[in-house]
Amino acid sequence: MGLEETLSWPFFDDGHRRFAEALGRWADATLTTLPHADLDAACRARVKALGDGGFLKAVVPAEHGGLNRALDVRTLCLARDMAPRTCVSTAPRPGSRTAASPITTSSSRAPGKQPAPGDSRRSWSIPARPA
């Protein structure tokens, strides 16, 4: 399903469509000018460019300079779904752990031990980046 079809759903309004359109135009115009060779530099450049473009305002409420009075989950979901278009690469590199790393389950059990089914001590986390 494409973005245009998603934006036609009844719970997206004109503000969501404007945000998605602006983010798409920004990505098309900006990403080719940003570094790609060094992953860390590329990520920093993209976050800075997203901030300069005003798109990080979607992740904070208006009282702190955000777009909306409260966080709007629909806007956050649109930005998340469009993220591959704004990323360095959507393919993981062997041995790398970036912000795009998959979310995994972890447990309070000893390292290497698999949690038992139904273990309530599981939690969700993003793996730490190796030193």
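The values are calculated or read from the model by the stated rules, or taken from the named source; none is laboratory data. A quick note: this is a predicted structure, and the numbers were derived from the prediction, not measured. As a convention, Cβ positions derive from the backbone with ideal geometry for all residues, glycine included, and neighbour counts pool all protein chains shown.
Annotations for the structure displayed:
- With a requirement of 3 or more residues that are exposed (fewer than 13 other Cβ atoms within 10 Å of the Cβ) and modelled with pLDDT of 90 or more, the helices (runs of 4 or more DSSP H) lying completely within segment 1-116 that satisfy it span 14-30, 39-52.
- Cβ separations smaller than 6 Å between residues 6+ apart or across chains give the following pairs from segment 53-73 residues that are among the small types (Gly, Ala, Ser) to residues that are part of a helix (DSSP H, G or I): Gly53/Trp26; Ala58/Thr75; Ala58/Ala79; Gly66/Lys57.
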